[in-house]
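Trainee: Mind having a look at this structure? Questions to follow.
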4 protein chains.
Amino acid sequence: MSDLERLSFSLEGPLYKRLKLLCRASGYSNRSEFIRDLIRARLVGREWELDQEAVGTITIVYDHHVPQLNEKLTDLQHDNHSMILATTHVHLEHDRCLEVILVRGRAGRIRKIADDLRRQRGVLHGNLSMSSTGRNLA
Amino acid sequence: MSDLERLSFSLEGPLYKRLKLLCRASGYSNRSEFIRDLIRARLVGREWELDQEAVGTITIVYDHHVPQLNEKLTDLQHDNHSMILATTHVHLEHDRCLEVILVRGRAGRIRKIADDLRRQRGVLHGNLSMSSTGRNLA
Amino acid sequence: MSDLERLSFSLEGPLYKRLKLLCRASGYSNRSEFIRDLIRARLVGREWELDQEAVGTITIVYDHHVPQLNEKLTDLQHDNHSMILATTHVHLEHDRCLEVILVRGRAGRIRKIADDLRRQRGVLHGNLSMSSTGRNLA
Amino acid sequence: MSDLERLSFSLEGPLYKRLKLLCRASGYSNRSEFIRDLIRARLVGREWELDQEAVGTITIVYDHHVPQLNEKLTDLQHDNHSMILATTHVHLEHDRCLEVILVRGRAGRIRKIADDLRRQRGVLHGNLSMSSTGRNLA
């Protein structure tokens with residue numbers, strides 16, 4: 001890549017030592033990569049704050065014996081089909097299913113889909129993981 | 001189900017009104033389900049605090065052109081294959097991939113896998129969503 | 001109080017048992033109080049989401065030897081004096097101070113003050129704790 | 001200070017531009033300070049994860065008319081007097097008080113005090129803000 005920028009900054013000695021320990025403890029062999037990842041994590045936070053285009057992973061655990069739940073969950077996904085990238089289903093136990101729904105779109109819309117899924121009767125737990133298209137991170 | 005328990009509790013009038021508004025604003029038609037979901041969310045938090053059996057969804061965004069990254073990500077998953085339920089891959093853009101890895105096992109082990117994946121060079125963002133087998137939630 | 005409302009809801013047996021264990025583990029002797037606290041915590045979350053009147057506690061740790069930092073921190077607080085309820089100062093070590101600033105006002109305004117304080121050079125750490133006037137919680 | 005260390009790292013052009021925008025949007029005039037603050041925030045997270053010496057700010061909102069609540073809150077604080085740096089009290093309304101308790105000690109001990117305070121009947125909301133002695137941050 002021809003467009004690398006070099007950035008340098010100073011750190012007091014003790015903070016520098018702490019940073020080295022922290023990198024190692026976090027399993028990073030490369031200090032630059034560690035700092036880039038700190039910056040990227042903050043950038044992803046901003047994408048969600050500013051309701052920009054984002055990627056979200058919605059994880060739900062549900063009891064598939066609850067009447068009409070399957071239909072409702074499917075309907076909700078179809079209502080938003082243009083935003084849904086993929087859905088993965090795992091049979092956890094006799095009664096319980098795990099479903100993970102990957103969504104791309106405005107952050108606020110993703111949140112809304114997660115809320116809609118999560119509150120259905122029979123959905124025991126629902127979680128939204130805020131990720132990114134990566135467009136601003138490379 | 002023969003084993004339903006009835007639980008009743010009192011609320012001061014204004015708090016009761018707030019609860020009603022909150023249920024409606026959250027899109028719940030059923031107040032009991034709302035309260036059950038509050039309890040379940042706390043239970044899932046405990047499973048993770050106490051390092052119990054849990055389910056985690058790891059979402060990573062990465063640049064698949066980074067040399068050897070694919071191999072490393074695959075190796076890491078194979079090293080933990082007994083815990084990994086499923087992996088879903090989405091091609092986000094020309095360079096960037098989204099991968100979602102569903103893991104079941106002790107909470108601390110799931111965290112470790114997430115950290116290992118996230119810090120690889122070329123992984124632009126990594127997130128862990130703490131979910132549950134649902135065993136304690138029904 | 002004359003205006004207590006009674007609310008009752010049903011729980012599947014195993015979830016009921018889990019709730020009892022959770023209450024005990026959390027040190028609550030009273031199950032109703034535990035559930036009321038779950039509801040209250042969610043209500044406070046809403047106050048902040050909806051940018052309503054709230055109370056925030058801003059904690060900063062700083063090095064008071066950094067030139068002009070004291071003046072800047074004082075100025076920032078005076079600019080918002082009508083919202084600031086109280087400030088407590090603790091001398092942590094020879095160089096470092098802890099300051100805790102209690103703020104009442106619109107949630108967004110409190111966030112802004114926290115950000116303004118936190119980014120000053122010499123402020124080593126800043127944190128905002130989202131609390132409430134309690135008006136909706138009783 | 002004689003012991004400044006200089007650290008330099010490279011960033012791809014687009015990520016560099018994003019970093020500049022993020023600094024500006026966050027109100028930082030100084031990019032180095034922004035990065036140092038990212039590192040410090042992560043270090044504070046580690047202090048709490050590893051149960052090291054930390055500083056915590058506990059904010060509680062309570063109804064001081066609840067019988068014996070004042071005594072219980074005072075007792076709890078006296079039981080931990082060696083860790084408590086200062087307490088600030090604000091009369092929010094006729095019934096409600098805000099109390100902010102600054103605690104220094106092992107992270108796990110601070111959490112325990114926060115939990116003990118928060119679950120008292122009459123305490124409407126309790127929050128723990130995880131801060132630092134700043135020893136590792138300068």
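Computed from the coordinates by the stated procedures, all read-outs in this text should not be read as laboratory data. This is a predicted model, so every value here is computed, not measured. Note that each Cβ is placed from the backbone with ideal geometry, even for glycine, and that neighbours are counted across all protein chains shown.
Trainee: Under unit Cβ charges (Lys, Arg +1; Asp, Glu -1), what dipole magnitude, rounded to 20 debye, does the protein assembly as shown have relative to its Cα centre?
Mentor: My answer is approximately 0 debye.
Trainee: Under 8 Å for C-alpha pairs, at least 6 residues apart: give me the relative contact order for chain A, rounded to a whole percent. Numbers along the way, then the final one.
Mentor: On the way: 175 pairs, mean separation 43.0, N = 138.
That works out to 31 percent.
Trainee: Run through the other copies and list how far each one's label point is from that of B:Glu49, in nm with one decimal, shortest first; the point sits 7 Å from Cα along Cα-Cβ.
Mentor: Inter-copy label distances (nm, one decimal, shortest first): 1.9, 2.2, 2.8.
Trainee: Can you compute the helix-only [θ] at 222 nm over chain C? Use -39500 (n - 2.57) per DSSP H run of at least 4 residues, normalise by all residues, nearest 500 deg cm²/dmol.
Mentor: Working: 4 runs with 55 residues, N = 138.
The per-residue figure over chain C is -13000 deg cm²/dmol.
Trainee: If you don't mind, there's one more thing I want to ask. What are the residues whose amide H is under 5 Å from the amide H of C:Ala54, where those residues sit 5 or more places off or on another chain and H is modelled from the backbone?
Mentor: C:Gly105, C:Arg106, C:Ala107
Trainee: Starting from the Cα gyration tensor of the stretch A:78-133, take the square roots of the eigenvalues, sort them a ≥ b ≥ c, and report rounded, prolate or oblate (rounded when a/c is under 1.5, otherwise prolate if a/b is larger than b/c, else oblate). Spell out each step's value before the answer.
Mentor: On the way: a/c = 2.02, a/b = 1.64, b/c = 1.23.
Cα axes put the stretch A:78-133 in the prolate bin.
Trainee: Further question: Of B:Thr88, B:Gly105, B:His125, whose Cα points farthest to the positive end of the dipole of the stretch B:53-131 (charges on the beta-carbon: +1 Lys, Arg; -1 Asp, Glu; origin at the Cα centre)?
Mentor: B:Gly105
Trainee: With the Cα gyration tensor of the protein assembly as shown giving a ≥ b ≥ c as the square roots of its eigenvalues, does the rule (a/c under 1.5 for rounded; else a/b larger than b/c for prolate; else oblate) give rounded, prolate or oblate? Each step should come with its number before you reach the end.
Mentor: Values: a/c = 1.75, a/b = 1.03, b/c = 1.69.
Here the protein assembly as shown falls in the oblate category.
Trainee: Another question, then. When the dipole is taken about the Cα centre of the stretch A:53-131, and only Lys, Arg (+1) and Asp, Glu (-1) are charged at their Cβ, what size is it in debye, to the nearest 20? Before the final figure, lay out each step's value.
Mentor: Working: 10 positive and 10 negative charges, 70 e Å.
Once rounded to the nearest 20, the dipole reads 340 debye.
Trainee: Considering only the label points, 7 Å along Cα→Cβ from Cα, what distances in nm to one decimal separate C:Ala86 from the same position in each other copy, shortest first?
Mentor: Ordered by distance, the counterparts are at 1.1, 5.5, 5.5 nm.
Trainee: D:Glu5's amide H: which non-local residues (gap 5+, or another chain) put their own amide H closer than 5 Å, with H modeled 1.01 Å from N in plane and none for Pro or chain starts?
Mentor: Residues meeting the criterion, in which the H sits 1.01 Å from N, are A:Leu11, A:Glu12, A:Gly13.
Trainee: So, one more: Sorting B:Ile110, A:Ile84, A:Ile113 on the 10 Å Cβ count, fewest up front, what's the list?
Mentor: Lowest count first: A:Ile84, A:Ile113, B:Ile110.
Trainee: What average number of partner chain Cβ atoms lie no more than 10 Å from the Cβ of the residues making up C:23-32? Before the final figure, lay out each step's value.
Mentor: Details: counts 2, 0, 3, 5, 6, 4, 2, 3, 2, 6.
Counting Cβ atoms of other protein chains within 10 Å of each residue's Cβ and averaging gives 3.
Trainee: Under the classification rounded if a/c is under 1.5, otherwise prolate if a/b is larger than b/c and oblate if not, where does chain D fall, given a ≥ b ≥ c as square roots of the Cα gyration tensor eigenvalues?
Mentor: On the way: a/c = 3.30, a/b = 2.14, b/c = 1.54.
Cα axes put chain D in the prolate bin.
Trainee: Can you give the FRET efficiency to the nearest 0.05 for B:Ser32 and D:Glu5, using r as the Cβ-Cβ distance and R₀ = 45 Å? Show your work: numbers first, answer last.
Mentor: Values: r = 59 Å, r/R0 = 1.31.
About 0.15, to the nearest 0.05.
Trainee: With θ set to phi - 60° and the Karplus curve 6.51 cos²θ - 1.76 cosθ + 1.60, what are the ³J(HN,Hα) couplings of the stretch C:101-108 in order, to the nearest whole Hz, using x for Gly and Pro?
Mentor: 10, 9, 10, 10, x, 4, 3, x
Trainee: How big is the gap, in Å, between the Cα center of the stretch D:73-138 and the Cα center of the stretch A:66-122?
Mentor: Here the answer is 40 Å between Cα centres.
Trainee: State the residue of chain C whose Cβ is nearest the axis carrying C onto A, and the distance in whole angstrom.
Mentor: C:Glu49, 6
Trainee: Then there is this: How do A:Leu137, C:Leu4 line up, fewest other C-beta atoms within 10 Å first? Display every interim value, and only then the final one.
Mentor: On the way: A:Leu137 25, C:Leu4 11.
In increasing order of surrounding Cβ atoms, one gets C:Leu4, A:Leu137.
Trainee: Here's a follow-up. Hey, for C:His64 with labels 7 Å out along Cα-Cβ, what do the inter-copy distances come to in nm, ordered shortest first?
Mentor: Copy-to-copy label distances at C:His64, shortest first: 2.8, 5.8, 6.4 nm.
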